[in-house]
Amino acid sequence: PNLDVNNIIWDIFLLSNSDLKKVIRKETTFSDEYKYELLLSPCPKYLWSATATKNGEKIVTFLFDATDIEQGLKVFRKIPYNNLFEIYAMTIAKLLPPLCPIMFQAYLPE
C-alpha cells in the first residue's frame, strides 16, 4: 500500500491538559486500554497540539510541552491514528536521523 502525503492539512493550537483529556475521552478510534494509558500518563499543564489530517481523517497528533518550547523543541508525545503513516515516518526518521524534521524525530529510538 502507498500513502499519499500530499495535501496533508495541519491543525495547530494550544490546549490545556484537561482539554486534551476531554478530546481523548471522546475519541472513537482508540481502544479503551489505549485511552486509559493516555488519560493516566503525566502531562504538562499546557500543550501545543499539531494534528495532521488527510481527507478529513486524522493521521497523527504531535504534542509539545508549551511551557518548555524555548528549552528544547521536542515532541512530548505522539498519538498515531494511521499505521501506514507510522511506517512511513519511521522510515524517514531512520534514513535522515540528524536532518529529519522535529516531528519525525519522535519516531527515533531514544
Report summary line: Mean Cβ-within-10 Å packing, highest first, puts peptides 18-24, 75-81 in the order 75-81, 18-24
Report summary line: Interchain or sequence-distant (5+) residues whose placed amide H lies within less than 5 Å of the amide H of VAL60 are ALA52, TYR81
Query raised in the report: Stretched out fully, how many nm does the piece from GLU57 to LYS26 gain, at 0.36 nm a residue minus the Cα gap?
Result: 9.6 nm
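Taken together, the values in this text are just the output of simple stated rules run on the coordinates, not laboratory data. Just so it is clear, the model here is predicted, and its values are computed rather than measured. Here Cβ is always computed from backbone atoms with ideal geometry, including for glycine, and neighbour counts include all displayed protein chains.
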